[in-house]
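I have placed the structure first, in the form of structure tokens, so that the comments after it can refer back to it.
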Amino acid sequence: MILYILAVLYSFAGSGSIIDYFLPDEQKQYYDEVFTADNSTCRILYFNGVPNLLECNYQIITDNNSIRRILLARAKQLLDQTLDTREEMLRSLLEFNVSRYDDTNPRYRFLGKVEEFACRAALGEGRIATNVEVCKKDPYHCYALFICREDALDCDVQLFNKVKPIVVEFMSSSDLLDVLLNNITNRLYGNISLTNYRAEISSLRNELNALLNSSIKVQNTKLRIGDRSCEECYGMCFPISHNTTGINRSLSLISRLEIPLLMDLEGVIGRIQNNTPVRLQIYSVNLQIRNISIPFQMALNRSLELERIYNDVYSKIRFSEYSSTYQEYTELKRLLQNKLNSRNMTDFQYYLARMEYYEELLKNMTEQINQTFKDLEEIENLMSEKYYLYSTLNPDDAQMQNEFLDIKRLYNRPINGDNLSVILNRTLEYMSKINSKYTYIYHDTNQTYLFNIYWIYNNLNRFGDFSPDLLRLLLAFLSSLMIPSFIFVLLYIIKVILTDARLLRYMFFGYAVLVIVNFIYSYNTLIPTNVNIYQIFSTIKHNNGTYILEDDRIQECLENRTYFKRIGDRCVSKSLDLSCKDIEMNSVVIRSTLDRSNILVLGDPLNIIYMNINPEEIHRCRAVLNELERYYETGINISTPSG
């Protein structure tokens, strides 16, 4: 019994499914033939019409001798089962043969014979001497001469040549019917065996087809009495009618005998013996691929992120060891993909473990390299800030500028990480050289005597314009009066207590001396001069209390940027109104006045402007801003004695 399995994943051999025995790109059409042999339920698996596997009791039979033994037993079963079909075919052919001798209709009798045989008699069968030499050599020639006699067709040469082939066809076809029926009967009655089954069934089909063709030729012979369908018939015989239904039924029944196993027993046995190890290998690989596909796919998914991280690092800094490690990782990934595509699972787990090892190694290396790059950025920025500050104060030092540019080229992205020690040494040496050019001498002035320039401005602005020298004199005067005035007040109290007039005169004299000495000392020491404090005061006085440093580099940083005025926690431009927090996350803050774009504003700015800077410019611009701001703060809080 053949069961077609079209779309069901049939549980097979204890685990997996029948689909697992197919290659991925193979057409998946299959059916099975179930039978019982040796008290076991077995089945032959046909894949795409080809026998591939033999299974008994849910176990694949792998032993070749067992395969042969089971299939031979099955073949004997099938051979025995063909007996009913063969008997049915014999009965059908008997119906056909009986129709040749049908004498139930007296109208078709002629010379005591019926139809086909009456026609043979009309051609001279039994009446002419077939033992003469010419008739022995060609009996059909004698039959043609017989019907061409004068009292029959009265043939001339031309007509004889037309009639003879018709006689030959009829007589040979009629003779062949008996021969074919005899052969077919012998085959169906027991000449068929396992060894000759294919040849016998093939001959049987051929003979049935020949039997049908011969019957048709006999029935359609032009020797019969003609009608509209045969105006050229010669009218020598009555119409012949055979019951060919039996032949057609036998032809349809023979398909039951064309059983694949019996038609090609040795071929089926050989194909199953050959295909079994192949299909088992396919099954094994498919299960391995199924088990490994999830972790491998996860590794492939992670490789996409790892590739992105590597490319990001590679664009910033490059280490040959890091690159070779990633190259090894990608080679392993490519190897695994090729093995999977070629279904070669040998050592697949080992190489997958190696790929995961390199993945973890790359993650650790990436973390270390990113930290190294971050440290390099800080060192680079620090060096740049020191240089920009130095170049602001020393714009004509070409040697330091050239050396800075030379070192700066070492930081061009991507940085050569293999040259890291050289980069660090040169950078540190350069910064040390810059530091050696600065000598800040902190004056030990008591903090009590430091003046808040904004307090001074806010209180003295009412007096209008005055020169920096006047401010210096005023500050020195105020400082000179502090201590002497305190002493004078103290002594005056003592004088009141003692009521001594001479002591009062001495007090006035001493007070005057202290004021003069303190004025000279304050004028030359207490008032900072190295930062030009008077110019700073004059600048903030004329710019609404805000100290301004101008620098062309700020102009470059501010070009083509979006500016916002801060109003509370909102930042407003011509067309935008955003939260300042949102802008600050991706911007650098620049404080500026309302109408100038190349200045850095400190103190109390009129506007706060947020500037979006691309990564290539952000370090340079931030360095400029930090330098200028530190320069301002250092100038306010650090002083040196005047010459």
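Starting from the 7 Å offset along Cα-to-Cβ, what nm value, one decimal, do you get for the label separation of LEU90 and THR245?
Result: 2.2 nm between the two label points.
Taking Cα centroids, how far is segment 36-101 from segment 181-205 in Å?
Between the Cα centre of segment 36-101 and that of segment 181-205, the gap is 16 Å.
Accessible area per residue, 1.4 Å probe, Å², for segment 33-94: what's the number?
I get 47 Å² per residue for this part.
Around SER320, with a cut-off of 13 angstrom between Cβ atoms, what is the net charge of the other residues, counting Lys and Arg +1 and Asp and Glu -1?
After counting each charged neighbour, the total is -2.
What shape does segment 112-262 have by the C-alpha gyration tensor, where a ≥ b ≥ c are the square roots of the eigenvalues, rounded means a/c under 1.5, and otherwise prolate means a/b greater than b/c and oblate the rest?
Taking the square roots of the gyration eigenvalues as a ≥ b ≥ c, segment 112-262 is prolate.
Defining a contact as two alpha carbons under 8 Å apart and six or more residues distant in sequence, what relative contact order in percent does segment 315-377 show?
For segment 315-377, the relative contact order is 44 percent.
Compute the accessible area per residue over segment 102-245, keeping the other protein chains in place, probe 1.4 Å, unit Å².
Accessible area per residue, segment 102-245: 55 Å².
Return the FRET efficiency for the residue pair GLN368, LEU405: r is the Cβ-Cβ distance, R0 is 22 Å, and the value is rounded to the nearest 0.05.
0.15
Under 5 Å between amide H atoms, partner at least 5 residues away or on a different chain: which partners does CYS237 have, H built in plane at 1.01 Å?
Long-range HN contacts for CYS237: ARG224, ILE225.
Would you work out what percent of the accessible area of segment 280-434, with all protein chains in place, is carbon or sulfur (probe 1.4 Å)?
The nonpolar share, carbon plus sulfur, comes to 49 percent.
Between LEU159 and ASN301, what is the label-point separation in nm under the 7 Å Cα-to-beta-carbon projection?
9.6
Give the calculated FRET efficiency between ILE294 and TYR314 to the nearest 0.05, with a Förster radius of 22 Å applied to their Cβ-Cβ distance.
E between ILE294 and TYR314, to the nearest 0.05, is 0.15.
Quick one: plug the Kirkwood hydrodynamic radius of segment 196-266 (C-alpha pairs) into Stokes-Einstein at 25 °C, 0.890 mPa s, and report D in µm²/s.
Using the Kirkwood radius from Cα pairs, D works out to 171 µm²/s.
I want the local charge near ASN419. Using Cβ-Cβ distances under 12 Å, sum +1 for each Lys or Arg and -1 for each Asp or Glu among the other residues.
+2
Once you place label points 7 Å from the Cα toward the Cβ at ARG426 and GLN337, how far apart are they in nm?
So the label points at ARG426 and GLN337 sit 3.9 nm apart.
On average, how much accessible surface per residue is there in segment 261-354, in Å², for a 1.4 Å probe, leaving out ligands, DNA and RNA?
For segment 261-354, the solvent-accessible area averages 53 Å² per residue.
Exceeding 23 Å between C-alpha atoms, which entries from my cross-link table qualify? They are LYS137/LYS222; LYS316/LYS408; LYS363/LYS386; LYS164/LYS217.
Table pairs above 23 Å Cα-Cα are LYS137/LYS222; LYS363/LYS386.
State the percentage of accessible surface on segment 171-221 attributable to carbon and sulfur atoms; use a 1.4 Å probe and exclude ligands, DNA and RNA.
Here carbon and sulfur together make up 46 percent of the probe-accessible area.
Taking the Cα centre of segment 215-371 as the origin and placing charges on Cβ (Lys, Arg +1; Asp, Glu -1), which of ASN364, LEU223, TYR329 is farthest toward the positive end of the dipole?
The residue sitting most towards the positive pole is LEU223.
The values are calculated or read from the model by the stated rules, or taken from the named source; none is laboratory data. Since this is a predicted model, take the numbers as computed values, not measurements. Every residue, glycine as well, gets a Cβ built from its backbone with ideal geometry; the counts of neighbours run over all protein chains shown. SASA here: full protein model, heavy atoms, side chains in, ligands and nucleic acids out. Shrake-Rupley method; radii C 1.70, N 1.55, O 1.52, S 1.80 Å.
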